[in-house]
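Q: One structure coming up, written as structure tokens, with questions to follow.
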Amino acid sequence: METTPNARTRLIVLAEILTMFSDENNILSLDEISEHMHDYGYNVSKRNIISDIKAVNQTTVKIVSVSKPKRGYYIVKNFSQDAVRLILEAIFSSDILSEDETEYIKKYLRRSTCIPTLDLILSTTINLNSYAPKRKTSSETLNSLRLAIRDKKQVAVTVSRSRPGDAFSDSVDFETVTANPVVLTVADGNVSFVFTRTDTPKKAEYINLPRIKNVEIMKSESTEFTDDLVSATSYFDGSPMETSYYFKEWLVIRFPSEYIELIENRFNTPVQYRKDETEGYCNAKVFTVFDDKLLGWLFALSDKIEIVAPIKIRQLFEDKAKNILNTKEVVL
């Protein structure tokens, strides 16, 4: 399945919208879905939505297309944990249930659901702009790790080690690690769990999720842990994690109108445009990841494109330009 930098979080948003607002008696048209998506900050076309619906239908969540009583879509709501979590969240503000009953349902759903909320994913996972399949990892495992990260609880993580035998087989041994969870990250084509051990709280380590077979959230609080994630090493062999920690931000640039196609072709995510006060110029705004490729592209086109925001990137380029000028003056 092809994916764009924001495709995975967009699929989760689509599933959440249809779960909250649709059923057999409440059909959502493409225009209505588009309006809801806009509320989440996604400016998507009808073709994008149809493509996303097909992608969601490859999972255990099912979206049905109908033509009567109107043309549109609804999500199939059954008793699987995939679908009911979001719809049951609506009762949390209900006056019918007691506070204890509401807290019990919250606790049950948080520990047993398969589709975490978008906020939970974004707050506990970095490098989501990088594509990595969730290979052979249960949703329960993934969700338990996210909850432990958010709630700052220690976890007992059961991991596997391959064990060679007399014949070719998938023989493995299992061991349990008590860990202070730090974050989940996408790196080297895998989703990895970054943590510290109780005896080495300043040393970040990581395990690829396919190696994790079980996660038990403990009552004990996480102890102090490192924020030096760049130096995280493999729990198994000590090798460094080859990844860069970039975050998405709004990029605002100013450029001559003739370069709109140049800008449009650079980004896979929607770009918003408006006319500049200076005739013949435009401003563009796009939510994107600031990786080396983007910074290199901006620097190569610094004679055509002016960075308006974020300020720290604009300042970086201004300082670099001053250094280049100073170097030229010294040479002369």
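Q: Within segment 32-53, list the residues whose amide N lies under 19 Å from a label point set 7 Å along Cα→Cβ of I260.
A: Zone members listed by number: 43-45.
Q: Could I ask something else about it? In nm, give the distance between the simple-model label positions of E35 and N57, each being 7 Å from the Cα along the Cα-to-Cβ direction.
A: 2.4 nm
Q: Same structure again: Starting from the Cα-Cα distance between K304 and S231, subtract it from 0.36 nm times their residue separation and give me the gain in nm to one decimal. If you can, show how the numbers build up before the last one.
A: Numbers: separation 73, 0.36 × 73 = 26.28 nm, distance 3.69 nm.
Gain on stretching K304 to S231: 22.6 nm.
Q: If you don't mind, there's one more thing I want to ask. Keeping every protein chain present and rolling a 1.4 Å probe, give me the accessible area per residue for segment 6-76 in Å². The partial results should precede the final answer.
A: Values: 3820 Å² over 71 residues.
Value for segment 6-76: 54 Å² per residue.
Q: Turning to a different aspect of this structure: Taking a 1.4 Å probe, which of Y42, Y273, Y259 shows the most accessible area, and what order do the others take after it? Let's see the in-between values first.
A: Numbers: Y42 35, Y273 80, Y259 60 Å².
The residues order as Y273, Y259, Y42, largest area first.
Q: Could I ask something else about it? Calculate the FRET efficiency for L295 and V172 from the Cβ-Cβ distance with a Förster distance of 51 Å, rounded to the nearest 0.05. Let's see the in-between values first.
A: Numbers: r = 42 Å, r/R0 = 0.83.
E between L295 and V172, to the nearest 0.05, is 0.75.
The values are calculated or read from the model by the stated rules, or taken from the named source; none is laboratory data. Computed from a predicted model, the values in this text were never measured in an experiment. Glycine also receives a Cβ, built like all others from the backbone with ideal geometry; neighbour counts cover every protein chain displayed. Surface areas here come from the heavy atoms of the whole protein model, side chains and all, with no ligands, DNA or RNA. Shrake-Rupley method; radii C 1.70, N 1.55, O 1.52, S 1.80 Å.
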